[in-house]
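Here the structure is laid out as structure tokens; the discussion comes afterwards.
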Amino acid sequence: MKQKINATVTLTGRTPVPRPACLRVAALALAIVIALPLTPALAAPFVIAHRGGTGDTPENTLQAFSTALENGADALWMTVQVTKDGVPVLYRPADLGSLTDGQGRLDEITLSDLRKLNAGYSFSRKDASGQLSYPYRANPLRIPTLHEALDAVPRNVPIMLDMKQTPAAPLVEAVAQVLDSANAWSRVRLYSTDAEAIELMKTHRQAQVFETRDATRNRLVDLSLGGTCDNPPPAGSWVGIELHRQVEVIERFTLGTGVSKVDAKWWTPAAVKCFKTNGDVKIVAFGVDSADAYATAAALGIDAVMTDSPRAMRIEKKSQ
């Protein structure tokens, strides 16, 4: 039986409205169809639930997506790989033992065998006394197919799909077939840390993609080192990288190299201004998991933030 996540979202304010099946979505007035531009007048970044909110519920499950929407997420980030028999499913690590009660590589198992595994097996939380518990071992969750997720999530909820497998070609083609059959190209934007996956997906005319991570990082490094905006992205681009990230700076000398760890604050007012030079460029800041970080992103003019815990973000923002 298909699980359906029912919701409607208002674009006129933040007040929740009744949802079927008791699901309530606290919209930040920015839940959009991904093909449409964000409204420039709305300054508050919209919230993307990373893998459905990996800190709140077992990641990349239908339960995670439903919970994320209940907790006020405006968009959902999903991670996709293909099974041995070529079915796109939502799972992040290559090793099934990382999150499930199974073993082996995901691309070495068929969908029918994958159905037997518990996607919530490794998910843990601490109770009030500090004791660790595994609440989904007695209440197993299934790894969903991409098609099931598209069917379950309301069509007005934007989806960012992270292609997480190499070689890229089989994954890209399998994902494209599902997006075709589900008529879902307009609601999905595609991302990958693998530049090849992005380039392959661009061969599909309807594909909406993020700029490659390498291109975004290189623009920011050039801006940071040179201090000039020589290479802003073209209008209509979507870019994504961490709000802050610890990086290693390697200096090469005649007698050797020196390595320093630096907390890189990628996004500064100058960086945001540079990236938006050519017009409508959307910036997504990854790793935003506190009210302070959200406020920083909002002050910078960041368009969207990705968080591991929409629930924590909601509680922290309410407490301010």
- request: Compute the length gained on full extension between residue 166 and residue 235: take 0.36 nm times their separation in residues and subtract their Cα-Cα distance, giving the result in nm to one decimal.
  value: 21.9 nm
message: Under the 0.36 nm per residue contour assumption, what length would be gained going from the current alpha-carbon distance of residue 122 and residue 155 to full extension?
response: 8.9 nm
Amide H contacts under 5 Å for residue 209, placed H, 5+ residues apart: 190
field: Simple spin-label estimate for residue 196 and residue 299 in nanometres, 7 Å along Cα-Cβ
entry: 4.3
- prompt: So for region 101-151, taking the charge dipole from beta-carbon charges (+1 Lys/Arg, -1 Asp/Glu), which of 114, 132, 104 sits furthest toward the positive end?
  reply: 132
message: As an exercise, identify the trypsin sites (Lys or Arg not before Pro) in region 178-231 lying in DSSP coil whose Cβ has no more than 13 other Cβ atoms within 10 Å.
response: 202, 205
task: Using the Cα centre as the reference, give the magnitude of the dipole from point charges on the C-beta atoms of region 84-131 (Lys, Arg: +1; Asp, Glu: -1; all else neutral), rounded to the nearest 20 debye.
output: 180
message: Rounded, prolate or oblate for region 72-164? Axes are the square roots of the Cα gyration tensor eigenvalues, ordered a ≥ b ≥ c, and the cut-off for rounded is a/c under 1.5.
response: oblate
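Once the piece of chain linking residue 173 and residue 137 is laid out straight, how much longer is it, given 0.36 nm per residue of separation minus the C-alpha distance between them?
Answer, rounded to one decimal: 9.6 nm.
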task: Between residue 94 and residue 215, take the C-beta separation as r, use R0 = 25 Å, and let me know the FRET efficiency to the nearest 0.05.
output: 0.50
- request: Using R₀ = 41 Å, calculate the FRET efficiency as 1/(1 + (r/R₀)^6) where r is the Cβ-Cβ separation of residue 111 and residue 280; round to 0.05.
  value: 0.55
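Read-outs: derived from the displayed coordinates by stated rules, not from any lab. Treat the numbers as computed from the prediction; the structure is a model and nothing was measured. Using ideal geometry, Cβ is built from the backbone for each residue, glycine included, and neighbour counts are taken over all protein chains shown.
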